[in-house]
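Chemist: Next up is a structure, given as structure tokens.
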Amino acid sequence: MDLVSLPTVTVLSDNVTIAQKDQVKIVRIQHEKANAAISLLGGHVISYQPAGQEDLIWMSDTAIFDGKTALRGGIPVCWPWFGRVAAPAHGFARSTEWELVEHRENEQGVIVELACFPSEATHDIWPHMFDVRLVVEVGDELKVSLKVLNIDDEEWTFSGALHTYLNVADIEQTQITGMGSSYIDSLQSNLVCQGGDTLELTAGIDRVYTQPEAVINVADKGFDRTLSITNQGHNAAVLWNPWVEIATQMADMPNDGYKTMMCVESTVHAPSIKDGITLQPGESHTLSTVISAK
């Protein structure tokens, strides 16, 4: 996506502007360290490109920017649940309009904070009060933090994920390490499996790795780089690639889109909503991912 040529709606500073893509407003960051973009629909990072490098984030060429549909690619915010444990799948945050709360910048980079607040629409889906912030730090590395605060009078329980789509040159020339050996395989009816130390894909994958290491590395041979993913506040790392069989069934992904993407997700995984993280009134939790290239 050519973010530079998108029409500017508002100039907020030398480094931050609001641009328009079809029906979606995008916070566009242009800094000497890196360029980035965040859709206000979904609080959704759609690009992070350090100076002189290919984008680290994959976006579908056929993503739908109609202001209603969750975007395909980028870093979708799955909240207040992950998966299909309730409807809509992956929660409502990724299809809700977020508010730009703050932006600040210096020579090291740019920090943008977005907020998702309760509304009648969210209350109809999930009847709780919350204050959810997404803090995006753009510099030599990308840090995305989902800060969840219970402002209700009662406890509630959630799960979620930062559903990162990484941009790789060729999935069949990509090696992944650090995900751990134990995983739940969604393609085998949630069978618990043991794998090796290195993962190379030759088919689709949908796995919940339950004991990931502190850093997961994706060796992207085609772009001659290694992407490093450091997650915190999680209990699992989800790895996903739809491969051709599912990609051809998705209207918002090119048939060959699977060849240049790999999802490595910072995840609070739970088999049901009640099995997630419980926050008492006033308590908070932060789920984060840090992505860099070397």
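Chemist: Look at residue 277 and say whether it is of a type in the set (Val, Ile, Thr) and within 16 Å of residue 83 (Cβ to Cβ). Give the derivation first.
Modeler: Values: of a type in the set (Val, Ile, Thr): yes; within 16 Å of residue 83 (Cβ to Cβ): yes.
In short, yes.
Chemist: Shifting gears a bit: Filter the stretch 172-187 for residues that are touching a strand residue (DSSP E or B) at 6+ places or on another chain (Cβ under 7 Å) and under 25 Å from residue 256 (Cβ atoms) and give the result. Lay out the reasoning, then the answer.
Modeler: Step one: filter the stretch 172-187 for residues touching a strand residue (DSSP E or B) at 6+ places or on another chain (Cβ under 7 Å), giving 174-187.
174, 175, 176, 179, 185, 186, 187 - these are the residues of the stretch 172-187 that are touching a strand residue (DSSP E or B) at 6+ places or on another chain (Cβ under 7 Å) and under 25 Å from residue 256 (Cβ atoms).
Chemist: Additional query: Can you pull out the strands (runs of 3 or more DSSP E) entirely within the stretch 1-48 that have at least 2 residues that are under 18 Å from residue 61 (Cβ atoms) and touching a Cys at 6+ places or on another chain (Cβ under 6 Å)?
Modeler: Numbers: elements: 8-11, 16-21, 24-30, 34-39.
Per the criteria, no element qualifies.
Chemist: Please note which strands (runs of 3 or more DSSP E) are completely contained in the stretch 125-168 and include at least 3 residues that are under 12 Å from the mean Cα position of the chain (by Cα), crowded, with 23+ Cβ neighbours inside 10 Å and in contact (Cβ under 8 Å) with a residue 60 or more places away in the chain. Steps first, answer last, please.
Modeler: Details: elements: 130-138, 142-150, 156-158, 160-162, 165-167.
So the answer is 142-150, 160-162.
Chemist: Being loosely packed, with under 14 Cβ neighbours inside 10 Å, in contact with an Asp or Glu (Cβ under 9 Å, 6 or more places away or on another chain), outside any strand (DSSP E or B) and of a type in the set (A, V, I, L, M) is the requirement here; does residue 187 meet it?
Modeler: On the way: loosely packed, with under 14 Cβ neighbours inside 10 Å: yes; in contact with an Asp or Glu (Cβ under 9 Å, 6 or more places away or on another chain): yes; outside any strand (DSSP E or B): yes; of a type in the set (A, V, I, L, M): yes.
In short, yes.
Chemist: Could you look through the stretch 217-272, keep only residues that are without any contact (Cβ under 8 Å) to a residue 24 or more places away in the chain and part of a loop (DSSP other than H, G, I, E, B), and pick out the one that is farthest from residue 204 (Cα to Cα)?
Modeler: 224
Chemist: Quick check: is even one residue across the stretch 78-88 part of a strand (DSSP E or B), aromatic (Phe, Trp, Tyr), modelled with pLDDT of 95 or more and farther than 16 Å from residue 289 by Cα? Even if it seems obvious, please write down each step before you answer.
Modeler: Looking only at the stretch 78-88, we keep the residues that are part of a strand (DSSP E or B), and these are 78-79.
Narrowing the set further to residues that are aromatic (Phe, Trp, Tyr) leaves 79.
Adding the requirement that they be modelled with pLDDT of 95 or more leaves 79.
Next, only the ones that are farther than 16 Å from residue 289 by Cα stay: none.
No - not one qualifying residue is present in the stretch 78-88.
The values are calculated or read from the model by the stated rules, or taken from the named source; none is laboratory data. Fair warning: this is a prediction, and the values are worked out from it, not measured in the lab. Don't worry about glycine lacking a Cβ; one is built from the backbone with ideal geometry, like all the others, and counts go over all protein chains shown.
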